[in-house]
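Participant: Just dropping this structure here.
FYI, it's all coordinate maths here, none of it is from the lab. What you are looking at is a predicted structure, and each value in this text was computed from that prediction instead of being measured. Please note: Cβ atoms are built from the backbone with ideal geometry, for glycine as well, and neighbour counts cover all protein chains shown.
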Amino acid sequence: MTRAAKALHLTQPAVSAQLSRLEEDLGVSLFHRTPKGMALTDAGTLFRHHVEEALLWLEDGRAAVQGLADLAHGSLAIGAGATATTYLLPSLLRVFHERHPGIQIQVREQGSQAIVDAVLAGTLDLGVVTLPVDPAARLAVTPWVDDELRLIVPPGHPLHKHRTYKMRDLDGQPVVLFEAGTAVRRLIDHALAEGQAEVEIVMELRSIESIKQMVAQGIGSAFVSQHALKGGEGLTSAHSRLRRTLAAVHRSDRAPSAAARAFLALMEP
């Protein structure tokens, strides 16, 4: 008992009291107490086996938790729109994977509102959305990338060699747009209405690359992110530019996981 107290950095009476409480809780004696010392009873021998097993499980648990903190293993679920998943996130995901190969990464392409809902529901760790978001939502919001939606036109279009355009130039023209209900589509619809341009919507798509291919085939003009274009490509609005801010979001009432914190650090300028 004296050696045990010394190893535990406790007094001998404190260890004796803890042992007595344990025996009282179990309803059995764990030790034979003799003038020569203490020896395990049959119940004590049996209980010791289970305690040693429990300590091993506890140690494994500590190692597993430490592995999460050290990013040795774990998971990271990210949601983002087409621009971010196709052009902005891949290079960051490559760096993250090289640094933390044990982390399983899931990337889900969705609209901003669906991403917000999934983050709040806990099915996504992080999201990349178009601002603004509901200020009442339990979200921590970090502005990340400024983006401009530029106009691309088919070969031979009257605006083909122009650098700027007016919304009225598109009045009555065929256009290929993002699917209705998305944050990008709402931004485009608002700009067209403000510019008094009634366009002919010939196709609605989700994929930016598909939209670019349709424009190349002469089906109609389209608005796409500057990040989807090579430097200098696309026309800029002569009056009010179609601009937006992409932001990273996560729940404000929960601490981000170690993996989420590491990815957020990569997103910093």
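Participant: Pull up the cross-link candidates among the lysines for LYS6, meaning alpha carbon to alpha carbon under 26 Å and not fewer than 8 places away within one chain.
Facilitator: Reachable lysines: LYS36.
Participant: Using only Cα atoms, what Kirkwood radius does the range 61-173 have, in angstroms?
Facilitator: By the Kirkwood definition, the hydrodynamic radius is 17.3 Å.
Participant: If you take the Cα Rg of the chain and divide it by 2.2 N^0.38 Å, with N the number of residues, what do you get?
Facilitator: Cα-based Rg divided by the globular estimate yields 1.68.
Participant: Turning to a different aspect of this structure: So for the range 1-125, what are the equivalent ellipsoid semi-axes in whole Å, largest first, each being the square root of 5 times an eigenvalue of the Cα gyration tensor?
Facilitator: 55, 16, 12
Participant: Continuing with this model, one more query. Taking the alpha-carbon distance from LYS161 and a cut-off under 29 Å, which lysines remain once sequence neighbours fewer than 8 residues away in the same chain are dropped?
Facilitator: LYS212, LYS230
Participant: Fully extended, how many nm does the chain gain between SER29 and LEU92 (0.36 nm per residue separation, minus their Cα-Cα distance)?
Facilitator: 16.7 nm
Participant: Still on this model: Could you order the peptides 157-169, 126-138, 108-120 from most to least packed, using the average number of other C-beta atoms within 10 Å per residue?
Facilitator: 108-120, 126-138, 157-169
Participant: Let's test the formula: R0 of 41 Å, r as the Cβ-Cβ distance of THR236 and VAL65. What FRET efficiency results, to the nearest 0.05?
Facilitator: About 0.20, to the nearest 0.05.
Participant: Please work out how much length the chain gains when fully extended from HIS160 to LEU40, using 0.36 nm per residue of separation minus the C-alpha to C-alpha distance, in nm with one decimal.
Facilitator: Full-extension gain reported as 34.1 nm.
Participant: Turning to a different aspect of this structure: At what distance in nm do the modelled label points of ARG138 and LEU19 sit from each other, each positioned 7 Å from its Cα along Cα→Cβ?
Facilitator: It works out to 4.8 nm between the two label points.
Participant: Give me ASP125, ASP146 sorted ascending by neighbouring Cβ count inside 10 Å, so fewest comes first.
Facilitator: Ascending Cβ contact count within 10 Å gives the list ASP146, ASP125.
Participant: Another question, if that's okay. Assign one of three labels to the range 1-45, namely rounded, prolate or oblate, based on the Cα gyration tensor with a ≥ b ≥ c the square roots of its eigenvalues; rounded applies when a/c is under 1.5, prolate when it is not and a/b is larger than b/c, and oblate otherwise.
Facilitator: oblate
Participant: Output needed for the range 148-244: three equivalent-ellipsoid semi-axes, defined as square roots of 5 times the C-alpha gyration tensor eigenvalues, in descending order, whole Å.
Facilitator: 16, 16, 14
Participant: Let me have the 222 nm mean residue ellipticity of the chain computed from DSSP H runs of 4+ only, each contributing -39500 (n - 2.57), with the sum over all residues rounded to the nearest 500.
Facilitator: Rounded to the nearest 500, it is -12000 deg cm²/dmol.
Participant: Moving to a separate point now. Write down the Å³ per residue value for the convex hull defined by the alpha carbon atoms of the range 200-269.
Facilitator: 179 Å³
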